[in-house]
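Enquirer: Can you keep this structure in mind? I'll have questions shortly.
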Amino acid sequence: MRLIISSVSGEPIYEQIKTQIRSAVLSGELEAGEALPSLRKLAKELRVSVLTITRAYSELADEGVVRNIQGKGTFVMPKGNDVMKAQLARRVRKGLGDVVAAAKAAGIPPAELHAILDETYATQDAAGDRDGR
Amino acid sequence: MVLDALSGSTPFALSVNGVSKQYDSGFRLDDITFDLPAGYIMGLIGPNGAGKSTLIKLILNMVRRDAGGIEVLGLDNIADEERVKEQLGVVFDSGYFVEVWTVNKVEQAMRGLYATWNHRRFEQYCKRFGLDRRKKVKELSRGMLMKLMLAVALSHDARLLILDEPTSGLDVLSRDELMDILHEYIEDGEHTVLFSTHITSDLESAADFITYITHGRLYFTGPKDEFLDAFRVVKGGLADLDETLRAKAVGIHRYETGFDALLRVEDVKALAGDRRPQLLVEPAGIDDIIRLTNVRKGNAR
């Protein structure tokens, strides 16, 4: 898995790690049941603090992306699990909220918006990696 | 939530409890309390003269405390001093070896000092660091001297490593190498590092915990992220620096064409309610916090 840290993006490091692991899981690059690198090994490799990785992993666990098994490690959850579905649905709604606001500002009526949505949906890969943003 | 994982079974590698020390010069280290869980890196920060080195000397029992208690790996640092020292490694900003000793002679001396001395490991570190065993201590560069102290600390199986300003005067390569070694050192979760420095870029990424002392008092101790998340730097023109802002600011630095001020996050949120689009709000770095908590409020230049 590719995992890189930007030191100028302004985004907290744990967020950067979360985003990259989440996309790797959603794109299928990381498969269900696969183990993430151990906390301390990853902290060493990326030269960040152990607590930073701990935070990234535990928040990913809250989202249902991974699961921590005490003493064994952190494992990728099946993509369609309920917690994750709910999280993803929330993100879709949030994204659509922005879209609707923009459409209203531009005076685009619902029917036209539906058409745009259908068109966009069709042109994007099923595995599209822009995960709802 | 992060700390939930720690509060359970993780033992403390270091517990400092209400420690005070008064010097004849008038300097006082006052009622310092913090815990460092085993398996993590803690940065000890503060301006020069804040009491960082005094605190380290108290932990090593090189100076006697007036009050409070210190436990190293669960042992009292005075009552169990011998056993504590066996498990402690120290790296100072200047050497503590006899200047005319060679590296070989240093090893001989350390061997006698530590029952757990590991000759092979010392040999490995000398190779890795490019330490010439025939060289005298006084012939070593700053970087090499630091590496010699580090090699000694790591070769007697120290479980707690205490470094006092180890990176001052080191070039970027040596600092980089040191940070790599510290990350390796704590990887197994049983080794712990307390690291005092004023070069905060070393800590910005590596430290799990921060203990910040200034004017002999504890200002903050806890996870580094909480420390950084607690503050914001607010910048603006001098006209924007009104009564409310001045009252809320922890510290303000004014200059000819503007100001920057350190504010607590909750106060920044309250200000945002007043809508002040002309103000620039930025995350605070460790340096910003040290700098702006040490200017006199309101009238600093």
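Enquirer: Rounded to the nearest 0.05, what FRET efficiency is calculated for B:LYS138 and B:ARG28 with R0 set to 41 Å and r the Cβ-Cβ distance?
Expert: 0.70
Enquirer: Mind listing the Cα extents of the protein assembly as shown along all three principal axes, in Å, largest one first?
Expert: Principal extents (Cα only, largest first): 86, 57, 39 Å.
Enquirer: Could you give me D for region A:13-76, from Stokes-Einstein at 37 °C and 0.692 mPa s, where the hydrodynamic radius is the Kirkwood radius over C-alpha pairs? Units µm² s⁻¹, please.
Expert: Estimated diffusion coefficient is 284 µm²/s.
Enquirer: Let me know the charge dipole size of region B:230-292 about its Cα centre in debye, to the nearest 20, where only the beta-carbon of Lys, Arg (+1) and Asp, Glu (-1) is charged.
Expert: Using only the charged Cβ atoms, the result is roughly 120 debye.
Enquirer: So which residue, out of A:GLN87, A:GLN16, A:GLN70, gets the largest mean-square fluctuation from a GNM of chain A using Cα contacts under 10 Å as springs?
Expert: Among A:GLN87, A:GLN16, A:GLN70, the largest GNM mean-square fluctuation belongs to A:GLN70.
Enquirer: Can you give me the orientation-averaged projected area of the convex hull built on the Cα atoms of region B:2-227, in nm²?
Expert: With every direction weighted equally, the projected area is 12.3 nm².
Enquirer: I'd like the accessible area for B:TYR96: 1.4 Å probe, protein heavy atoms, all chains in place, Å² to the nearest 10.
Expert: Here the residue's solvent-accessible area equals roughly 90 Å².
Enquirer: Quick check: pseudo-label points 7 Å beyond the Cα along Cα→Cβ at B:ARG217 and B:ARG120, how many nm apart are they?
Expert: About 5.3 nm separates the two model spin labels.
Enquirer: 7 Å from Cα along Cα→Cβ at both A:SER27 and B:GLU243: what's the point-to-point distance in nm?
Expert: Calculated label separation equals 5.6 nm.
Enquirer: Quick one: angle between helix B:172-186 and the longest Cα principal axis of chain B, in degrees between 0 and 90, rounded to 10, please.
Expert: With rounding to tens, the tilt is 80 degrees.
Enquirer: What average count of beta carbons from other chains do you get within 10 Å of the Cβ of residues in A:31-44?
Expert: Taking the mean over all residues of the peptide, I get 2.
Enquirer: Could you state how much accessible area is buried at the A-B interface, both sides summed, with a 1.4 Å probe, in Å² to the nearest 100?
Expert: So the buried area, both faces added, is about 1600 Å².
Enquirer: On a 25 Å Cα-Cα criterion, which of the cross-link pairs B:LYS21/B:LYS85; A:LYS72/A:LYS94; B:LYS52/B:LYS147 come out too long?
Expert: A:LYS72/A:LYS94
Enquirer: Largest first, what is the accessible-area ranking of B:ILE213, B:ILE199 with a 1.4 Å probe?
Expert: B:ILE199, B:ILE213
Enquirer: With charges set only on the Cβ (+1 for Lys and Arg, -1 for Asp and Glu), what does the dipole of chain A come to about its Cα centre, in debye to the nearest 20?
Expert: Here chain A has a charge dipole of around 600 debye.
Enquirer: Something else about it: With a ≥ b ≥ c taken as the square roots of the eigenvalues of the C-alpha gyration tensor of region B:230-292, please select rounded if a/c is under 1.5 and otherwise prolate if a/b is larger than b/c or oblate if it is not?
Expert: Because a/c hits 1.5 or more and a/b fails to exceed b/c, region B:230-292 counts as oblate.
Enquirer: Compute the orientation-averaged projected area for region B:183-292 from the convex hull of its Cα atoms and round it to one decimal in nm².
Expert: So the Cα hull casts an average projection of 8.4 nm².
Enquirer: Can you list residues whose amide H is under 5 Å from B:ILE210's amide H, if they're 5+ apart or on another chain and H is modeled 1.01 Å from N?
Expert: It is B:GLY43, B:GLY222, B:LYS224, by chain and number.
Enquirer: Provide the percentage of antiparallel DSSP beta bridges, counting only those with both residues in the protein assembly as shown; round to the nearest 5.
Expert: 70 percent
Enquirer: Across region B:10-17, in residue order, what do the Karplus-derived ³J(HN,Hα) couplings come to in whole Hz, using 6.51 cos²θ - 1.76 cosθ + 1.60 with θ = phi - 60° and x for Gly and Pro?
Expert: Along region B:10-17, the couplings run 5, x, 8, 7, 8, 10, 10, 10 Hz.
Enquirer: Helix B:103-113 versus the longest principal axis of chain B: what is the Cα-based angle in degrees, 0 to 90, to the nearest 10?
Expert: 90 degrees
Enquirer: How do A:TYR121, B:TYR255 rank by accessible surface area computed with a 1.4 Å probe, from largest to smallest?
Expert: Descending order: A:TYR121, B:TYR255.
Enquirer: Name the most mobile residue of B:LEU113, B:LEU29, B:LEU178, meaning the one with the largest mean-square fluctuation, in a Gaussian network model of chain B with Cα contacts below 10 Å.
Expert: Highest fluctuation of the listed residues: B:LEU113.
Enquirer: Write down the percent of antiparallel bridges among all DSSP beta bridges whose residues are both part of chain B, to the nearest 5.
Expert: 65 percent
Enquirer: Still on this structure, I have one more. Return the single residue from B:GLU243, B:GLU282, B:GLU165 with maximal mean-square fluctuation; model: Gaussian network over chain B, springs between Cα atoms under 10 Å.
Expert: Top of the fluctuation ranking is B:GLU243.
Enquirer: What distance in nm separates the two pseudo spin-label positions at B:ASN61 and A:ALA102, each 7 Å out from Cα along the beta-carbon direction?
Expert: Going from the B:ASN61 label point to the A:ALA102 one covers 6.7 nm.
Enquirer: Between the helical axis of B:142-155 and the dominant principal axis of chain B, each derived from Cα atoms, what acute angle in degrees is found, rounded to the nearest 10?
Expert: 70 degrees
Enquirer: A follow-up question, please. Identify, among B:LEU29, B:VAL91, B:LEU113, the residue whose Cα sits farthest towards the positive end of the charge dipole of region B:2-227, taking +1 on the Cβ of Lys and Arg and -1 on the Cβ of Asp and Glu, with the dipole about the Cα centre.
Expert: Final value for the positive-end residue is B:LEU113.
The values are calculated or read from the model by the stated rules, or taken from the named source; none is laboratory data. It should be emphasised that the depicted structure is a prediction, and the values quoted were computed from it without experimental measurement. All Cβ positions, glycine included, derive from the backbone under ideal geometry; neighbour counts span all protein chains shown. Protein only, heavy atoms only, side chains kept; ligands, DNA and RNA dropped before computing areas. Shrake-Rupley method; radii C 1.70, N 1.55, O 1.52, S 1.80 Å.
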